[in-house]
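Only the coordinates and a few stated rules stand behind these numbers; no lab work does. Predicted model only: the values in this text are computed from it and were never measured. Cβ: placed from backbone, ideal geometry, glycine included. Neighbour counts: every protein chain shown.
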Amino acid sequence: MFPTAFARALHFGLILLLAALLFCVSGCRTDSVGTRATPLARGGVIDLTTWDFREDGSVDLNGEWEFFWRQLLSPGDFAGSAPPLMTGPFTVPGTWNGREIGGEKQSGDGYATFRLRVRLRPDAPRLAIRILDQATAYQLWVNGTQIAGNGTVGTSATTNRPQYLLQLSRLPRSSDSLDIVLQVANFNHSKGGVWNPVTLGSEAGLARIQGLRQGLDFFLFGCLLIMGAYHVFLYQLRRTDRSVLYFGLFCLVVACRTALTENRIFTGLFPAFPWELVFKAELFTVHAAFLLLLLFIQSLYPADSSRRLTRFLQGICLAFGLTTLATPARISSLLVTPFHPVIIFIQGYLFVVLFRAILAKRGEAATILTGLLIFFLTVVNDILHNHGVIATAYVAPVGFLFLVGSQSLALARRYSHAFAAVEQLSDAVTDKNRALEEEIAERARLEREIVNVCEEERRRISRDLHDGLCQQLTGARLQFSVLERKLAGAGQEPSELKRLSSLLEESVNHAYDLSHGLWPVEHDPQGVSASLDELTRRLAESSGIAIYFIQERGCADCSHGSVTHLYRIAQEAITNAVKHARGSRIVVGLDCRDRTRLTLTVRDDGVGRSVTSRTTGGLGMGIMEHRAKVIGGTLTVSDAQGGGTVVTCVVPCEERKQEGQSDGSQI
């Protein structure tokens, strides 16, 4: 059993196939609207006395015409008492290639005159003739009046000028007969003769039919041109999928062929365009179209295609195309018939590829196969019509449209699935980003919590040192002082006691310094800058460098939650300046005048970053950046004007009330 998707696609394809066949049938009947059999010419005469052009429609003047080989005769030549000698009857439409005349088989080169007399009803309406291009130049007279012509009819290759141009000409009024004289000459194509039928009908009916045909050609041309340009532009935006490019170029090539064939809308707009180029373009578009079709199917289903066979067929198409461009029309026109088996083989091969893709459940293979089937039938119709096996019409452009439509639908569904996948991935990425942001926020919260825990632990250790060890050392020193005074009163004051007294003094001072370093903020609950002031004082004393503290405040008291981190940043920046700057002056600034941000600056007059950057380390800078990031601030290090380095940390700050806002964490 076939998959359900294939069954639906096959059902849809059958509907399209039925519509295409109905269109072909209607196209075949446009020249003969009624149900009567079309009359044929016999012995150079066609009897239309029983044919009603109003009811039965137009009629192709097919059958036996009088044939005058290598004679260019005008209507006046048939008016004399001695009419020209007829070579014999000639079946129109047809070619004179291979026709034996005077014991000699003819090639495509030559010239001739054809004559047909038409018997009409007396009440026939105003008539017109529709004549397509012939091989390859012609002139047409009706009742002695020239009404149509393509190119210049000549007796040699130098005097003959070919042209492709559809003609719809009104006939002079006549009572009951028409005398049609047609001159045809060919020295530029491999086949010569009257290729296409001459259609006779009412002027209004032929004009309506011609309008419909040209409208259809313009419609097909516009659709193919828009689809081709759209997909080529789409490929420019996304160059990873070459199937889009091949499909776009295929549409453009088919659009060009639509303008060049059948109703000749291109030569209708540009009648003076060289015939040789028109013919080469018409033939080349066939080779290019099947080359691009092979590339397109292979790019869609590479696993189901035979790489060697595909390249071989592509090489054949390329060879035919290059030969067409490189040789004159007399030679390249010989390639038309040999390429027909290649077309049939290519389509059969593509059927196999698409059927294998369907069995492998590849996307949209059934849709493309349906369009290819319709296109195959139209191509077979045109090949048989071109060889005269059937008398229908050229419907390959309609088949091209169905093929392009199926491929366009397949690409649209493919891109729709791709867009849906992109949307799903986008949603997944959005969810991942949201989860990542939440995780980052949680990590930042945990980092702040860890820092707070560390600071709390510093506070506890500072209190233990201050209330425990510092007090015990102070008590021991006081007791030792009492002991020292007693010994001095007894006349005993050994030098060891003085050294021990000095050691106790240093231990007490060091313990207090250590307590201040671990948690300096709570020692001055009412002052905003006492801790930084104390820090600069102690480091100035220990380093021997002049360190100044300057503040510009907008609040009486500062209860900013990040003051502890600012103190640590200032402590690290001053320490770095003392160790590496080699300066003589350090200025620490604190500015919160606008009450929206708190700015800490540490400026030195040392050697600057160009020298200090050569030193090893960097842990302190990383710690400062991390602390600034934790409190939502920014840390910058730059060169100071006049030399030295400036460390700046800016933290956002909201204005707070002075009363009841202090939490014991002032700088």
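Of note:
- Rounded Å value of the spacing that divides the Cα centres of region 133-203 and region 326-399: 31
- For ILE316, ILE440, ILE101, order by how many other beta-carbon atoms lie within 10 Å, fewest first: ILE440, ILE101, ILE316
- Only Cα sites of region 45-202 enter the Debye sum here, all with the same form factor; the resulting log10 I(q)/I(0) across q = 0.10, 0.12, 0.20 1/Å is -0.34, -0.49, -1.30, listed in q order.
- Fraction of C-alpha pairs exceeding 12 angstrom in region 149-189: 67 percent, rounded to a whole number.
- Ordering THR536, THR601, THR50, THR258 from the fewest to the most neighbouring beta carbons within 10 Å gives THR50, THR601, THR536, THR258.
- Likely footprinting exposure, PHE402, PHE273, fewest C-beta neighbours within 10 Å first: PHE273, PHE402
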